[in-house]
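No value in this document is a laboratory result; all are computed from the given coordinates. Note that the coordinates shown come from a computational prediction; the quantities given were computed from them, not determined experimentally. FYI the Cβ positions are ideal-geometry reconstructions off the backbone, even for glycines, and counts take in every protein chain you see.
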Amino acid sequence: MGFPTLCNGAVLPDVLAPGLDIVFCGTAAGTASAAQRAYYAGPGNAFWPTLCAVGLTARKLFPYQYREILEWNLGLTDLAKQVFGSDSVLAKDHFDVARLQGLIVEYRPKVVAFTSKRAAGEFLGHDVGYGLQTEVVASSRLFVLPSPSGAARGHWDLGPWAELARLRDAGAGVAADRPGGAGARRSSAAASSISPPRSRRP
């Protein structure tokens with residue numbers, strides 16, 4: 001099974017600002033992300049191409065450009081900040097639920113989107129399905145996405161990601177090519193042909 005690697009401080013810094021449209025929350029940084037000091041940097045991880053495919057960003061970002069996600073009013077954090085490794089080696093006491101609750105209250109994102117059922121389930125304390133949840137924290141809605149990890153390809157489904165993009169556009173009135181405000185995101189029909197990459201990013 002192996003063991004996670006513990007750190008004295010945060011493995012990756014939060015990327016947050018008040019009132020963001022969406023904050024993405026994973027379980028913890030993977031080994032590749034910790035090594036590259038970048039979010040969703042593992043081989044085959046579909047996070048960054050998917051954001052562009054469904055229109056949440058106007059162009060494909062690479063992991064090392066993760067701070068630029070703020071340009072589209074999006075943010076990043078993890079439920080376990082001081083440990084890295086695969087989900088299979090993470091234990092319940094690695095997850096800092098109270099910390100995330102505090103961040104939500106402080107920064108008030110419109111939506112917190114968990115990038116796996118594991119992250120959402122640890123936060124909420126019960127099993128979850130994909131999509132919009134009934135719970136609200138402060139004024140923030142909670143949304144659950146299929147994991148973009150290459151290791152979770154068997155459970156991949158672009159549909160909830162496209163649904164999140166529609167929710168962002170409808171609820172926040174935000175155009176896909178932020179900053180600038182004009183332009184249309186790709187249709188969900190076109191995006192549905194996108195699948196997680198099968199090889200390392202360039």
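Odds and ends about this structure:
- Between Lys60 and Asp14, full extension at 0.36 nm per residue minus the direct alpha carbon distance yields a gain of 14.5 nm.
- Straight-distance crosslink candidates among aspartates and glutamates, where the alpha carbon sits under 17 Å from Lys81 and sequence neighbours closer than 8 are dropped: Asp14, Asp93, Asp96, Glu122
- Potential extension, Ala138-Arg166 segment - 0.36 nm per residue separation minus Cα distance: 7.9 nm
- Label point of Gln101 set 7 angstrom out along Cα-Cβ; within region 14-35, no amide nitrogen lies under 14 Å from it.
- Net lengthening on full extension, His126/Arg37 (0.36 nm per residue, minus Cα-Cα): 29.0 nm
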